[in-house]
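Quick notes on the structure that follows.
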There are 2 protein chains.
Amino acid sequence: MREKQIEFFWDAASPYTYLAATQIEALAARCGAQVQWRPFLLGKVFEASGNRMPASVPAKAKYLFGDCKLWARLYDVPLSFPKIFPINSVLALRCACAAEALGRQPAFALAVMRAYWADGADISQPQVLQALAEGLGIDGAALLVQAQSQAVKDLLRANTDDAVKRNVFGAPTFFVGEQMFWGNDRLQLLEAFVGGKLAA
Amino acid sequence: MREKQIEFFWDAASPYTYLAATQIEALAARCGAQVQWRPFLLGKVFEASGNRMPASVPAKAKYLFGDCKLWARLYDVPLSFPKIFPINSVLALRCACAAEALGRQPAFALAVMRAYWADGADISQPQVLQALAEGLGIDGAALLVQAQSQAVKDLLRANTDDAVKRNVFGAPTFFVGEQMFWGNDRLQLLEAFVGGKLAA
């Protein structure tokens, strides 16, 4: 097991989280670090912090999707604005918590975010999530049952509460120890930090 | 004269603008581009766009200065949070407009931002601005007189109005043609774009 840990708080509802998710494992590998994927409810964090969706400022909304498209080109990953936005990601995140028990959370998370942010799938729907799981060789029906278990609900809530407690106010958010990094646009800084290049 | 142009909307009151200002000329040189420095009033842009200071969300405020410190380490530039914050930057920006007529805007802008963000100087004060100008071999008393001219006031207002018209909502903001880049954290993307690496 790699010694350095990067916690990655993610919610599939956020385009910048999708962008960062496509890069984080390669970044961690370059630094000899391990990623702990932590699904959480961004909406609850907005509520708790008093922060707002970036797109709530009209001038910013006009800018943001073009910005996402440029990042997608930089990363060479597909991106297409979904018809359904914002989306209810609770069930997808619960399925991701259930996939964690199978050791498949990162693969499932990436499949869900790609389905939504590249293919426009309605990831609020159980049958869509089931099919995505099955595409990864996971028993989708069993995953959906697990997703409704109290243990999974508690895990998602605990992740969200932990994020709020640690002053998370947006997504994606990364932690290395207690050093927070907020945003896809902090990957450069995160990599320098994990690589030991930002000593005080 | 270099063919590619990067417009740089800057206000000395913004720490991320200071950080970006320390990097932008070297970035432009690497890309064979020229920087057009455009002082503007960020407060007016917040008013017009309905955006808020990033630090207006308490959890974000806790994060932001530590984030700025990490960027400063990455760039190897000094940064120290000023006692006077926020600061009234209008006179400093008017002096920068006046320095433009002498072909010295970038040097003056960097001196002002460094004085505030590294040395804690009160850049709202005429005598501080005069001394900064004189440190660059500029006639500081004459610069202050020019800073009160109608032409300079009009230039600063015109830059601000242009920013609002083009949906600017924060600082620093860069334009390459009509493609906007918002934030110090977009320099990587800006460089790829100007370097022709983000073709659609």
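With a Förster radius of 30 Å applied to the C-beta separation of B:Asp76 and A:Gln36, the computed FRET efficiency comes to 0.45.
List the aspartates and glutamates whose Cα lies under 14 Å from the Cα of A:Lys197, skipping any in the same chain that are fewer than 8 positions away. Qualifying aspartates and glutamates at Cα under 14 Å: B:Asp76. This model, with +1 at the C-beta of Lys and Arg and -1 at the C-beta of Asp and Glu, gives region A:1-85 a dipole about its Cα centre of some 220 debye.
Note on chain A: with a GNM built from Cα contacts shorter than 10 Å, the maximum mean-square fluctuation among A:Lys83, A:Lys62, A:Lys165 falls on A:Lys62. Each other copy holds its own label point for B:Asp154; taking that point as 7 Å from Cα along Cα to Cβ, the gaps run 7.1 nm, nearest first. Is the shape of region B:4-194 best called rounded, prolate or oblate, per the rule: a/c under 1.5 gives rounded, else a/b larger than b/c gives prolate, else oblate, with a ≥ b ≥ c the square roots of the Cα gyration tensor eigenvalues? In terms of gyration-tensor shape, rounded.
Its DSSP H runs of at least 4 residues, each contributing -39,500 (n - 2.57), put the calculated 222 nm mean residue ellipticity of the protein assembly as shown at -17000 deg cm²/dmol, to the nearest 500. By definition, a body whose alpha carbon gyration tensor gives a ≥ b ≥ c is oblate when a/c is 1.5 or more and a/b is not larger than b/c, and region A:1-79 fits this oblate description. In chain B, the sites counted are GluC sites (Glu not before Pro) in DSSP loop states with at most 11 other Cβ atoms within 10 Å, and the longest stretch holding none of them, exclusive of the sites, is B:4-177.
Distant-in-sequence amide contacts of A:Ile123, defined by a placed amide H-H separation under 5 Å and a gap of 5 or more residues or a different chain, comprise nothing. Label points for A:Asp119 are taken 7 Å from Cα along Cα→Cβ. From this copy to the others they lie 5.9 nm apart, shortest first. Taking B:Gln36, B:Gln179, B:Gln146 in turn, the Gaussian network model of chain B (Cα-Cα springs below 10 Å) assigns the largest fluctuation to B:Gln179.
With Cα atoms defining each centre, region B:65-99 and region A:138-200 are spaced 31 Å apart in the structure.
Residues A:Val45, B:Val164, arranged from fewest to most other Cβ atoms within 10 angstrom of their Cβ, appear as B:Val164, A:Val45. Of all chain A C-beta atoms, the nearest to the rotation axis linking A with B is recorded, alongside its rounded Å distance, as A:Asp185, 2. Taking a straight Cα-Cα cut-off under 19 Å and skipping sequence neighbours fewer than 8 places away in the same chain, the aspartates and glutamates within cross-link reach of A:Lys44 are A:Glu7, A:Asp11, A:Asp154, A:Asp161, A:Asp162. Each of A:Thr173, A:Thr22 was scored by other Cβ atoms within 10 Å of its Cβ. Listed from fewest to most, they are A:Thr22, A:Thr173. Under a 5 Å amide H cut-off, with hydrogens placed 1.01 Å from N, B:Gln34 pairs with B:Lys4, B:Gln5, B:Ile6 among residues at least 5 apart or on other chains. Note on chain B: with a GNM built from Cα contacts shorter than 10 Å, the maximum mean-square fluctuation among B:Ala96, B:Ala107, B:Ala115 falls on B:Ala107.
About the Cα centre, and with charges only on the beta carbon of Lys, Arg (+1) and Asp, Glu (-1), how big is the dipole of region B:4-194? Nearest 20 debye, please. Please report the intermediate quantities before stating the final value.
Working: 18 positive and 17 negative charges, 81 e Å.
Here the size comes out at about 400 debye.
Placing a label point 7 Å from Cα along the Cα-to-Cβ axis, B:Gly135 is separated from the same position in the other copies by 5.7 nm, shortest listed first.
Seen from A:Gly120, the other residues with C-beta closer than 13 Å to its C-beta sum to a net charge of 0, counting Lys and Arg as +1 and Asp and Glu as -1.
No value in this document is a laboratory result; all are computed from the given coordinates. Values in this document were obtained by computation on a predicted structure and should not be read as measured data. Don't worry about glycine lacking a Cβ; one is built from the backbone with ideal geometry, like all the others, and counts go over all protein chains shown.
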